[in-house]
Amino acid sequence: DNGPVWYPHDVAKFGHRSVGPLRGMKSDAWEGGHRMPFIARWPGRIPAGSVCTQMICFTDMLRTMAAIIDAPLPPGTGPDSLNVLPLLQGNNEPVRQHLVVSGRRFHSLRLGHFKYLEPRAANQNQDARQQQRSLLFDLQADIAETNNVADHYPEIVKQAKSLLRQLQR
């Protein structure tokens, strides 16, 4: 499932932010809307206590489970699924280079540690000038998505826009 539904009044009532330092909640373009921990235990196959920081997606479980049981998938099955078994077994080399996230009237793209949000993606309540700006966040330095670095990395914005258009076809 995606991130939790947790409004400001829930934070006040329970004294707890269910998304921790992340911004947003379920169905948002922000990390709090879709970033979830993945915990796996497989004695003898997954090193105990290991941590992997690589990006995966729930859709990747199709190819991963097929690889675990050595089952071929029919052609065209799970075109957006990748086998992340090497990550589970301790290899920390990236398997997934990018990830498109869709939600209510938005698309965003994770590109390594950068996250691009197309204009008007983040919040329909922003003024018109803000809605036209591309948003780019360096999640390695700013997990809370507070500092738009699009002006500092125009080449990454251009690459992300192009890749997002290509993937949406």
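Since every read-out is calculated from the coordinates, none of them should be taken as a lab result. These numbers were taken from a predicted model, which means no experiment stands behind them. Counting neighbours? That spans all protein chains shown, and the Cβs are built from the backbone with ideal geometry, glycine included.
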### Task
Report the calculated FRET efficiency for Asp80 and His9 (r = Cβ-Cβ distance, R0 = 41 Å), to the nearest 0.05.
0.70
### Query
Can you work out ³J(HN,Hα) from phi for every residue in region 79-84, in order, using Karplus 6.51 cos²θ - 1.76 cosθ + 1.60 and θ = phi - 60°, giving whole Hz and x for Gly and Pro?
x, 9, 9, 10, 7, 9
### Query
For region 5-123, what is the charge dipole size about the Cα centre, in debye to the nearest 20, if Lys and Arg each add +1 at the Cβ and Asp and Glu each add -1 at the Cβ?
380 debye
### Query
Among the aspartates and glutamates, which have Cα under 16 Å from the Cα of Lys26 when same-chain residues fewer than 8 positions away are ignored?
Asp1, Asp10, Glu145
### Query
Ranked from highest to lowest mean number of other Cβ atoms within 10 Å per residue, what is the order of the peptides 45-58, 69-82?
45-58, 69-82
### Query
Once the other residues with Cβ under 14 Å from the Cβ of Gln97 are scored (Lys, Arg +1; Asp, Glu -1), what is the net sum?
0
### Message
I need the Debye-formula profile for region 1-58: one equal scatterer per C-alpha, no solvent, reported as log10 I(q)/I(0) at q = 0.12, 0.15, 0.22, 0.26 1/Å, two decimals.
### Response
-0.39, -0.56, -0.87, -1.03
#### Entry: From phi via Karplus (6.51, -1.76, 1.60), per-residue ³J(HN,Hα) for region 162-168 in Hz, x at Gly/Pro
5, 5, 4, 4, 4, 6, 7
### Query
Among the lysines, which have Cα under 19 Å from the Cα of Lys161 when same-chain residues fewer than 8 positions away are ignored?
Lys115
### Message
Let me check the size of the chain from its C-alpha atoms; what are the radius of gyration and Dmax in Å?
### Response
17.6, 55
